[in-house]
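Note sheet for the following structure.
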Amino acid sequence: CFKNTKIIVLLSFTGFIFSFFYAFNKQNIYGGGFQILVNKNEDTSSKKEVSFSSFLSPNIANNQIATEIEILKSPSVLRPVFEFVKENKRLKGIKVEKMRYSNWLKNNMEVFLVNGTNVLDLTYKDTDKEIIMPTLKMISKTYQEYSGRNRSEGLNKGLTYLKSQIKKYKELSSS
């Protein structure tokens, strides 16, 4: 070590200089996140089925939650958020022509299941500090709209069925 002191000092100094320039030129990345509680199934009859099947095989319940994670990441849910981010960046003068959904999702979002729970932890990262909160709010809103869509479709179908039954029995009672 004593014989090579000059080499060690030179390499250390060179490494310090490169590290300094790298840290000085690195762009700041900001982030924010929230958690979502995922219900396995809305239907009460299938809840019994899920709990019984998850008692037999926990993988079935985990597969349903993994499916929810993939649905949350899918373009059908997050495309409006992606377009919102692209438009914001375009207004700030950033070139977004080559920006792709898959790259944006991979580089800017993390969605994972908190161990032992039905809670999804979602984190959004970006170099623009001002876009994080509006983007997180939009992600939350679009996921809520998606998850409420099935419930409202079921309610609408039920209402349509009941209206048809009322009409049918009015005709029967009048005859």
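The values are calculated or read from the model by the stated rules, or taken from the named source; none is laboratory data. Predicted model, so just to flag it, every value in this text is computed and none were measured. Heads up, the Cβs are rebuilt from the backbone with ideal geometry, glycines too, and the neighbour counts pull from every protein chain shown. Surface accessibility is based on the protein's heavy atoms, side chains included, excluding ligands, DNA and RNA. Shrake-Rupley method; radii C 1.70, N 1.55, O 1.52, S 1.80 Å.
Within the range 75-102, how many residues turn out to be under 14 Å from the mean Cα position of the chain (by Cα) and farther than 17 Å from Met138 by Cβ?
Of the residues in the range 75-102, 1 are under 14 Å from the mean Cα position of the chain (by Cα) and farther than 17 Å from Met138 by Cβ.
Would you tally the residues in the range 24-80 being in a loop (DSSP other than H, G, I, E, B) and at pLDDT 65 or above?
Residues meeting the conditions: 7.
Residue under question is Val77, and the condition is that it be touching a residue at least 12 places away in the same chain (Cβ under 8 Å), surrounded by 10 or more Cβ atoms within 10 Å (Cβ to Cβ) and closer than 14 Å to Val38 by Cβ; does it hold?
yes
Quick one: would you say Ile65 is open to solvent by less than 60 Å² (accessible area, probe 1.4 Å), under 19 Å from Tyr146 (Cβ atoms) and out of contact with any helix residue (DSSP H, G or I) (no Cβ under 7 Å at 6 or more places or on another chain)?
yes
Return yes when Lys95 is touching a Phe, Trp or Tyr at 6+ places or on another chain (Cβ under 6 Å), open to solvent by 100 Å² or more (accessible area, probe 1.4 Å) and closer than 24 Å to Phe82 by Cβ and no when it is not.
Judged against the criteria, Lys95 is not a match.
Within the range 120-175, take every residue that is among the β-branched types (Val, Ile, Thr) and open to solvent by 90 Å² or more (accessible area, probe 1.4 Å) and give me the one that is farthest from Lys86 (Cα to Cα). Spell out how you get there, then give the answer.
So in the range 120-175, the residues among the β-branched types (Val, Ile, Thr) come out as 123, 127, 131-132, 135, 139, 142, 160, 166.
This time we only want the ones that are open to solvent by 90 Å² or more (accessible area, probe 1.4 Å), so: 160, 166.
Values: Thr160: 40, Ile166: 50 Å.
That would be Ile166.
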